[in-house]
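> Can you read through this structure? Questions will come right after.
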Amino acid sequence: MSKPFKDLTIKDAFMFAAVMANPDQCGPFLEMVLDMDIVDLHVVTEKTMVYHPQYHGIRLDVLAEEDGTKRRFNIEMQVKSEIDLPKRSRYYHSQLDMDALLSGKRYRELPDTYVIFICDFPLSSKPLYKYTYHNICLENGERLKDGCTTVFLSTCGENEIDVPKELVNFLKYVKSPGTSPDTQKKASYEASIERQVQRIKRDREMEAQYMMLEEMLKDEREAGRLEGEKIGEKRGEKQSLELANALVSQGRYKDLKRSLEDEAFREKLLEEFGLKSK
């Protein structure tokens, strides 16, 4: 059973994307995690990237780009442990590069990319709050200046002394939303996040968007059960979710609603976004 809108927290993908869609929330988060100044940030949430129907498309929770430097940031909320996260981060970096370099441009013009996973589980036998990875030379330890940075954050870290307090407080808030003492401090970052969550829950349009997504998935699950084909069911759910995310990211809510009622229109949209054969 899907979670009621009123029960969503920062851990839920829909709520996380809705909160981080605000540059005033996303910017401070990036500054806190990466220890750098962020200015003129443009944020896109639930971004679907499909460059060819035969290749694996991805849905990014949050994609942000800095207007001046063109640095690109991908932020993902991960509540379930998966063994393929490292290779998934590698694929995300490659997809971020796909539309960043126009024909005729030099490779040196590729912007720096940052992929950040917020994980609600331990990542190693010696749990840390933050793991930062770069490509390095095994022979001399020098860093390869390819502009790629991957960061894994964990809510289960045990090294508070080594991590900025504000980052630890944020990760504690993610682990237990609404229960962190710092959410009671009006000036804390966690309090601003929690206020944003509560504002979104009072927004009828946001609730309608969430309900449309849930309705679409529910219809596809029912169709899959009636057909009795497990493979078809999984494919239908994936298509619907990716189509809904693509439409929401472009603000095409009327098209999303129409796609629930008009099968021919839905097929046309699937073809438009390269999802029809998936």
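The values are calculated or read from the model by the stated rules, or taken from the named source; none is laboratory data. Note that the structure is predicted; figures quoted are calculated from it, not measured. Cβ coordinates were reconstructed from backbone atoms using ideal geometry, including for glycine residues, and neighbour counts include every protein chain displayed. Heads up: the accessible areas ignore ligands, DNA and RNA and are worked out on the full protein's heavy atoms, side chains in. Shrake-Rupley method; radii C 1.70, N 1.55, O 1.52, S 1.80 Å.
> To the nearest µm²/s, what D does Stokes-Einstein give for segment 64-218 at 10 °C and 1.306 mPa s, using the Kirkwood radius over alpha carbon pairs as Rh?
Estimated via Stokes-Einstein, D reaches 87 µm²/s.
> What Kirkwood hydrodynamic radius, in Å, does segment 85-170 give when the mean of 1/r is taken over all pairs of distinct Cα atoms and then inverted? All intermediate terms of the calculation are to be shown ahead of the outcome.
Values: mean 1/r = 0.0675 Å⁻¹.
The Cα-based Kirkwood calculation yields 14.8 Å.
> Would you give the gap between the C-alpha center of segment 73-149 and the C-alpha center of segment 253-277, rounded to a whole Å?
33 Å
> Hey, another quick one. Within segment 79-109, name every residue whose backbone N is under 16 Å away from a label modeled 7 Å from Cα of Tyr131 along the Cβ vector.
79-91
> Keeping the other protein chains in place, figure out the carbon and sulfur percent of the accessible area of segment 74-141, with a 1.4 Å probe.
Here it works out to 52 percent.
> Count neighbours as other Cβ atoms within 10 Å of each site's Cβ, and list the GluC sites (Glu not before Pro) in segment 74-166 that are DSSP loop with at most 13 such neighbours. Could the numbers behind the result be given before it?
On the way: sites: Glu76, Glu82, Glu109, Glu139, Glu142, Glu158, Glu160, Glu166; in loops: Glu82, Glu139, Glu142, Glu158.
In loop regions of segment 74-166 (DSSP not H, G, I, E or B), the sparsely surrounded GluC sites (Glu not before Pro) are Glu82, Glu139, Glu142, Glu158.
> A further question on this structure: Would you calculate the separation in nanometres between label points at Asp35 and Arg108, each defined as 7 Å from the Cα along the Cα-to-beta-carbon direction?
2.8 nm
> Next question, about the same structure. For segment 116-147, which trypsin sites (Lys or Arg not before Pro) pass both filters: DSSP loop (anything but H, G, I, E, B) and at most 10 other C-beta atoms within 10 Å?
Passing sites in segment 116-147 are Lys145.
> Could you state the per residue volume, in Å³, of the convex hull enclosing the Cα atoms of segment 82-133?
Looking at segment 82-133, the number lands at 91 Å³ per residue.
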